[in-house]
Amino acid sequence: MNYTLHQLRVFQKVVELKSITKAAEALNMTQPAVSIQLKNLQEQFDMPITEIFGRQVHITDFGMELNEVAGRILDEVELIDYMSKQYKGLLAGKLKIASVSTGKYVIPYFLKGFLDMHKGVKLDFDVTNRREVIANLEKNDIDFAVMAVEPEHINLNEEIIMPNTLFVVGSNENSELTLKDEVSLLHREEGSGTRIIMLNFFDKKGINTKLRMQLRSNEAVKQAVIAGLGISVLPVVSMKNELENGQVKIINVEGFPLKSDWKLVWLKNKRLSPVANAFLDYIKENKEEIFRKEFSWMERY
């Protein structure tokens, strides 16, 4: 057997994405280079590890078993690398974080300084919808999740990172609208933290809301607002450029802004790794300074 670690890493990415093209993009390789690595790995075995039907990559049963073993091999190799760094007195290991989609405007600023200080830390960072983030927490696949609305059915610890402030916003054309008996709104998908906060407010006030359009991300909602398709409730942290450019305007509505907090959350009974503990300590010590440096502009609204 003459397979290489590089071939196993390429194969794992193909299995994960079920696509040679997508694997090439994720690995910053050309498509032919990925195909060559896959071919060289296949030559080590008598049984097929993949099958190509049309443009679809299908992983054989043997390929799936190989992928599981490859994962264990690569984890052990990574552990050797971390051990060597730890013997040099460096903090080393993997930090796994999943964030709800709007968290992408927040958490990178809290990661940068920590990663600059600890070059031996490898970041596994996933931005996805709230449902997937909760699933990652339930499976204990991550160290931390970043969200504004915690799930009630999981026992979690939390560390508040910074405020989350939400406004009613519209385009220049509809910036004079007010919320009356019935309001047509652009919604996030069901389960979204922004949607939960928004609908809880309207329910308490007895305001009837009519779904104008449902979209899967705050970015999509924001673009629909800019296009004049309706009004919505959005976190101010996601609208810095659009507010400064006048593409969206805050609509003054009684009871707004709505306020909550962005939080770092983790399982109550989870034993945090040295890397995760170090990151948590970094957040506690530096969050106020990071907020002042990167997010003080929010206080203008």
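The values are calculated or read from the model by the stated rules, or taken from the named source; none is laboratory data. Not measured: the values here are computed from a predicted model. FYI the Cβ positions are ideal-geometry reconstructions off the backbone, even for glycines, and counts take in every protein chain you see.
Taking the numbered list (1) closer than 30 Å to Asp141 by Cβ; (2) at pLDDT 85 or above in turn, Ser217 passes all entries but (2). Residue-level analysis places Val149 among those that are modelled with pLDDT under 90, within 28 Å of Met198 (Cβ to Cβ) and among the aliphatic types (A, V, I, L, M).
I need a count of the residues in region 228-276 that are among the basic types (Lys, Arg), in the same structural domain as Arg216 (by TED's automatic domain parsing) and not in a strand (DSSP E or B). Summing the residues that are among the basic types (Lys, Arg), in the same structural domain as Arg216 (by TED's automatic domain parsing) and not in a strand (DSSP E or B) in region 228-276 gives 1.
Only one entry in Glu254, Glu242, Glu219, Glu288 is more than 30 Å from Glu152 (Cβ to Cβ) and not small (Gly, Ala, Ser), namely Glu242.
Conditions tested, residue by residue: (1) surrounded by 14 or more Cβ atoms within 10 Å (Cβ to Cβ); (2) in contact (Cβ under 8 Å) with a residue 60 or more places away in the chain.
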| site | (1), (2) |
| --- | --- |
| Ile80 | no, no |
| Leu91 | yes, yes |
| Lys94 | yes, yes |
| Phe110 | yes, yes |
| Val121 | yes, yes |
| Asn129 | yes, yes |
| Asn136 | yes, no |
| Asp141 | no, no |
| Pro151 | yes, no |
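Applying the criterion of being among the hydrophobic types (A, V, I, L, M, F, W, C) and modelled with pLDDT under 95 to the residues of region 268-296, the residue that is surrounded by the most Cβ atoms within 10 Å (Cβ to Cβ) is Val275. Taken over region 117-174, the criterion of being part of a helix (DSSP H, G or I) and of a type outside the set (Asp, Glu) is satisfied by Met117, Arg130, Arg131, Val133, Ile134, Ala135, Asn136, Leu137.
With the requirement that a residue be modelled with pLDDT of 95 or more and more than 16 Å from the chain's Cα centre (by Cα), what does region 82-114 give you? Correct list: Gly113, Phe114. Of Glu138, Glu158, all but one fail to be over 30 Å from Arg300 (Cα atoms) and not aromatic (Phe, Trp, Tyr); the exception is Glu138.
Checked against (1) part of a helix (DSSP H, G or I); (2) more than 30 Å from the chain's Cα centre (by Cα), Asn2 passes all but a single condition, namely (1). When Lys204 is tested against (1) at pLDDT 85 or above; (2) surrounded by fewer than 16 Cβ atoms within 10 Å (Cβ to Cβ), exactly one condition is not met: (1).
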